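> Structure incoming, see below.
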Amino acid sequence: MPRTQSLEPKIVHFPKEEQNWYVLVVAYRTEQKMQAKLRELGKLEAFVPLRRTRRRDAQGKFRYDEKVAINNYIFVHTTYNRLVGLKREYPFDLEYSLLHRDVYEKGEKIGRAPVVVPRDQMLNFIAVAGNQKERVQFIDAEKIDLQAGQRVRVVGGPFAGVEGVYLRTTKKHERRVVVK
């Protein structure tokens, strides 16, 4: 008799009642609408990173718009069971899918698990990506005595307290510091 397998991916065991930051995938250009629905229907903390863009209107004046910085993704702080329950309760209002990743053990795929963003990384991400009014601060690259891979913390300015890993300083004339 041939062996058959379920088409549904096996979800690996993980704490489903623990609050985490989950990544949801939504349809293109519905990120802000879905964020509002999640906040309204589920009373959830949801984050969509926005960026401020400048454009010229028909009269030649500059206008500023807020656009989604990362298309098709929403970051939600809740429990796994709450997300699944909301999807069952409002199937036509909440059109999203939970982003999953493959889980391997000893080189063999054992199933799938939802993508969880660690709390500290998410708070740093919100501090930087949620601050549309501030632009990246430029500093003197010669004053930086760092090696790639060193942990850094921003101590001043609008991004004070943000931690990351120093990657590199870009082009000589731009003098930007890239932090992961």
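> Counting only residues that are at pLDDT below 90 and more than 17 Å from the chain's Cα centre (by Cα), give me the strands (runs of 3 or more DSSP E) lying completely in the range 56-114 with at least 2 of them.
By residue number, 62-68, 100-105, 108-114.
> Can you pull out the residues in the range 66-93 that are among the aliphatic types (A, V, I, L, M), surrounded by fewer than 17 Cβ atoms within 10 Å (Cβ to Cβ) and either in contact with a Cys (Cβ under 6 Å, 6 or more places away or on another chain) or more than 21 Å from ILE126 (Cα to Cα) (or both)?
Within the range 66-93, just VAL84 meets the criteria.
> Looking at the range 104-115, I want the residues that are within 24 Å of ASN81 (Cα to Cα) and open to solvent by less than 40 Å² (accessible area, probe 1.4 Å) and have a partner that is in a strand (DSSP E or B) and of a type in the set (Phe, Trp, Tyr) with Cβ atoms under 6 Å, at least 6 apart or on another chain. Which pairs are those?
PRO114/TYR22
> Now, a different point. Which numbered condition in (1) exposed (fewer than 12 other Cβ atoms within 10 Å of the Cβ); (2) touching a residue at least 24 places away in the same chain (Cβ under 8 Å) is the only one that GLY42 fails?
That leaves (1) as the condition not met.
> Checking the conditions here, which among ARG101, ARG55, ARG63 is under 21 Å from ILE11 (Cα atoms) and open to solvent by 30 Å² or more (accessible area, probe 1.4 Å)?
Exactly one of ARG101, ARG55, ARG63 is under 21 Å from ILE11 (Cα atoms) and open to solvent by 30 Å² or more (accessible area, probe 1.4 Å), namely ARG101.
The values are calculated or read from the model by the stated rules, or taken from the named source; none is laboratory data. Nothing here was measured: the structure is a model prediction, and the numbers come from that model. Virtual Cβ from ideal backbone geometry, glycine too; neighbours counted across all protein chains shown. To get the accessible areas, we keep the full protein, side chains included, count just its heavy atoms, and leave off ligands, DNA and RNA. Shrake-Rupley method; radii C 1.70, N 1.55, O 1.52, S 1.80 Å.
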